[in-house]
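Everything on this sheet refers to the single structure shown next.
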Amino acid sequence: MTDFVSSFLGALGGAALGAVLLRYLVSTLIEHRLAKALEGHKHSLELQLATLQADLARLNDVISRRNEREFAVTAEAWELINRAAGIAQTRLASGRRAPGFITLDESAALRLIDQLPFNDEQKRSLRDAPVSQRDDLYARYDRPDALRRSLEAFYEFKNHLTTRQIFFSSAIYKMLLEIRDELQGVLLDIEGYVEDEERMPRDERRKVD
């Protein structure tokens, strides 16, 4: 009987030990598989993160270059519109007066004529004209020349907006278009009177100024 009990307990102890060992092996296998799965998942996440970082870097580069272009074209547009408006204001405003040739001695008058932005034929006509007629002749030449130069500056600005439209922000582009349209309206209004050599009515002149 004692031998049977001993054998039974020995077998039971062996089974328990086997069960413990089995649980250990299963646990180790699960942990190994879990660690392997986590490692694979971690590697996948690292690849996704690296791809995302590269995409963000490219996007940031695109945005940065676009911002640089937008700033550059906006700054250039600002310079061009100031130039166009400045020429129109200084050359076409009602406050502009003839030089007053009658108050100048001949040498001073000739030096002034040489510096005027007129063509050679117009300058020659001014030199040859009687002193009393030079201011009227100056005004006759000055208005078309002022309009021509104003229109040249305006169309340079207008062309800048047209060819670089995609680089402006919508808000800035809208404001620039408003300025363009208003200045164009003023210049076209003046152009009609300059071509016909008519004097602009006071109300119209006040509106233009």
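The values are calculated or read from the model by the stated rules, or taken from the named source; none is laboratory data. If you're wondering where the values come from, they're calculated on a predicted model, not measured in any experiment. With ideal geometry, Cβ positions are generated from the backbone for all residues, glycine too; neighbour counts draw on all protein chains shown.
Just to be sure I understand, how many residues within segment 134-169 are surrounded by fewer than 18 Cβ atoms within 10 Å (Cβ to Cβ), modelled with pLDDT of 90 or more and small (G, A, S)?
The qualifying residues number 0.
Name, by its number, the condition in (1) touching a helix residue (DSSP H, G or I) at 6+ places or on another chain (Cβ under 9 Å); (2) touching a residue at least 40 places away in the same chain (Cβ under 8 Å) that does not hold for Y155.
(2)
If the Cβ limit is 8 Å and pairs must be 6+ apart or interchain, which residue in segment 74-102 that is free of Cβ contacts under 8 Å to residues at least 12 places away in the same chain pairs with which residue that is surrounded by 14 or more Cβ atoms within 10 Å (Cβ to Cβ) and in a helix (DSSP H, G or I)?
none
Yes or no: segment 86-101 includes at least one residue that is more than 30 Å from R180 (Cβ to Cβ), of a type in the set (A, V, I, L, M) and exposed (fewer than 15 other Cβ atoms within 10 Å of the Cβ).
Checked segment 86-101: at least one residue is more than 30 Å from R180 (Cβ to Cβ), of a type in the set (A, V, I, L, M) and exposed (fewer than 15 other Cβ atoms within 10 Å of the Cβ).
Please specify each residue of segment 131-175 satisfying the condition of being assigned to a helix (DSSP H, G or I), more than 15 Å from V186 (Cβ to Cβ) and among the aromatic types (F, W, Y).
Y138, Y141, F167, Y173
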